[in-house]
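Since every read-out is calculated from the coordinates, none of them should be taken as a lab result. Bear in mind that the values here come from a model prediction, so they are computed numbers and not experimental data. All Cβ positions, even for glycine, are placed from backbone atoms using ideal geometry, and neighbour counts span all protein chains on display.
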């Protein structure tokens with residue numbers, strides 16, 4: 001399967017099980033993770049990255065990303081696991 005088979009050119013998002021999945025979500029997650037792992041990142045940059053990372057977790061959960069890949073960073077893994085647990089407790093619509 002190729003990227004265009006999942007999201008054709010010109011299409012920026014899809015909806016799966018009621019969750020909007022935007023093109024670029026995985027890349028944005030990785031960029032935010034890099035900021036959180038950067039010891040030289042400012043407190044403001046880290047806070048923004050943490051908020052942005054959290055907002056991406058539902059989409060990546062829907063994609064099944066965390067069922068396939070394990071995050072190497074213990075701190076990042078704990079952060080994601082905390083938010084995944086919160087998602088699993090929310091009622092589904």
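Some notes on this structure:
- Label-point separation in nm, residue 85 to residue 17, each point 7 Å along Cα→Cβ: 2.0
- Residues residue 31 and residue 6, FRET efficiency given R0 of 25 Å [Cβ-Cβ distance, rounded to 0.05]: 0.80
- Nearest-ten-degree value, helix 25-37 long axis tilted from longest Cα axis of the chain: 10
- Relative to the longest principal axis of the Cα atoms of the chain, the long axis of helix 43-63 lies at roughly 30 degrees.
- If you run the Gaussian network model on the chain, springs between alpha carbon atoms under 10 Å, then out of 36, 65, 53 the most flexible one is 65.
- Relative to the longest principal axis of the Cα atoms of the chain, the long axis of helix 74-89 makes an angle of roughly 50 degrees.
- With the simple spin-label model, which puts each label point 7 Å out from Cα in the Cβ direction, the residue 66 to residue 40 separation comes to 3.1 nm.
- Entry note, region 13-89: relative contact order of 29 percent, from Cα contacts under 8 Å with a spacing of 6+ residues.
- Placing a label point 7 Å from the Cα of residue 77 along the Cα-to-Cβ line, the residues of region 51-71 whose backbone N sits under 18 Å from it are 61, 65-71.
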